[in-house]
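Enquirer: What follows is a structure written as structure tokens; I'll ask about it next.
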Amino acid sequence: MANSRFDIAPASYARRGSVVSKSLGRLLMRLAGWHFEGVLPDMPKIVIAVAPHTSNWDFVVGVMALWALDIKISFIGKHTLFHGLFGRWLRSLGGIPADRTQAHGLVGEVVNAFNAADRMILALSPEGTRAAGKGFKSGFLHIANGANVPIVLAYFDFPNRQVGFGPLFTPSGDIERDMQAVLDFYRPIRGKYLKHWQQMS
């Protein structure tokens, strides 16, 4: 059932603490007709996978939702975006620049960051690209498995204007099997555009 409320994050989550951004985010969600589906789990460490990634509008909806929830989340973004004033703003949101050509080193760094933290919420796009023919990369599974943290399967459902948080997914260590389970969850969910892998069995 759709959740029209904004208090879907546990009290234990760290807050951004900005009345202005929280009010603006909630106002924008109401005006645009977006709402939350599901709730976030009361756990100190989680990876939030967000898919499918089909448009630059995903970023707009994500920022709107982040402000509305008023919670601190770290997220990984392409390192080329972290320049100048825009880069400073991304960092203020919780952005972490990443060179995706060095994927294996990045996984190790993120796992170490999880292990060193008492609490950490990391959001990322498993696809890493808007390209229609691309599938998921396995980095998010390696991060969750290496840090021994569960994954929240989250999504932006554009036809229904839902920012959704699905079930907790605990990686088994079998990357191929886990990837298939994740793809099966996301296959019926529609972003702004349809992805090629969503039409494949």
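Enquirer: Less than 10 Å Cβ to Cβ from residue 164, Lys/Arg counted +1 and Asp/Glu -1: what total charge do the surrounding residues give?
Expert: On the way: positive: none; negative: 37, 157.
Residues near residue 164 contribute -2 overall.
Enquirer: Straight-line reach only, C-alpha to C-alpha below 19 angstrom: list the lysines that residue 78 could link to, leaving out same-chain residues fewer than 8 apart.
Expert: 134, 137
Enquirer: Here's something else I'd like to know. Picking from 40, 66, 24, which is most flexible by a Gaussian network model of the chain using Cα springs under 10 Å?
Expert: In this elastic network of the chain, the residue with the biggest mean-square fluctuation among 40, 66, 24 is 24.
Enquirer: Taking all protein chains in place and a 1.4 Å probe, what share, in percent, of the accessible surface of the chain do carbon and sulfur account for? Could you put the intermediate results ahead of the total?
Expert: Details: 5900 of 10440 Å².
Percent of accessible area from carbon and sulfur atoms in the chain: 57.
Enquirer: With +1 on each Lys and Arg Cβ and -1 on each Asp and Glu Cβ, how big is the dipole of the chain about its Cα centre, in debye rounded to the nearest 20? Present the calculation step by step, with values, prior to reporting the outcome.
Expert: Details: 22 positive and 14 negative charges, 139 e Å.
For the chain, the charge dipole is close to 660 debye.
Enquirer: A follow-up question, please. For residue 22, which aspartates and glutamates qualify as cross-link partners when the Cα separation must be under 12 Å and same-chain residues fewer than eight apart are set aside?
Expert: The qualifying aspartates and glutamates are 7, 70.
Enquirer: Further question: Among residues other than residue 28 whose Cβ falls under 13 Å from its Cβ, what is the net charge (Lys/Arg +1, Asp/Glu -1)?
Expert: Numbers: positive: 22, 26, 30, 161; negative: none.
Overall, the nearby charge balance is +4.
Enquirer: Could I ask something else about it? Using a 1.4 Å probe, what is the accessible area per residue for the chain, in Å²?
Expert: Numbers: 10440 Å² over 201 residues.
Per residue, the chain has 52 Å² of solvent-accessible surface.
Enquirer: Another question, then. If you keep only loop residues by DSSP, which chymotrypsin sites (Phe, Trp or Tyr not before Pro) in region 59-93 have at most 13 other Cβ atoms within 10 Å of their Cβ? Provide the component values of the computation, followed by the final result.
Expert: Values: sites: 59, 67, 75, 82, 86, 89; in loops: 82.
For chymotrypsin sites (Phe, Trp or Tyr not before Pro) across region 59-93 that sit outside H, G, I, E and B with at most 13 neighbouring Cβ atoms in 10 Å, the list is empty.
Enquirer: Report, by chain and number, residues whose modeled amide H sits under 5 Å from the one on residue 45, excluding near sequence neighbours (fewer than 5 apart, same chain).
Expert: Close amide H contacts, sequence-distant or interchain: 120.
The values are calculated or read from the model by the stated rules, or taken from the named source; none is laboratory data. In this text the structure is predicted, and so the values were computed from the model without any measurement. Cβ atoms come from the backbone with ideal geometry, glycine included; neighbour counts cover every protein chain shown. What goes into the accessible areas is simple: the full protein's heavy atoms, side chains included, and nothing from ligands, DNA or RNA. Shrake-Rupley method; radii C 1.70, N 1.55, O 1.52, S 1.80 Å.
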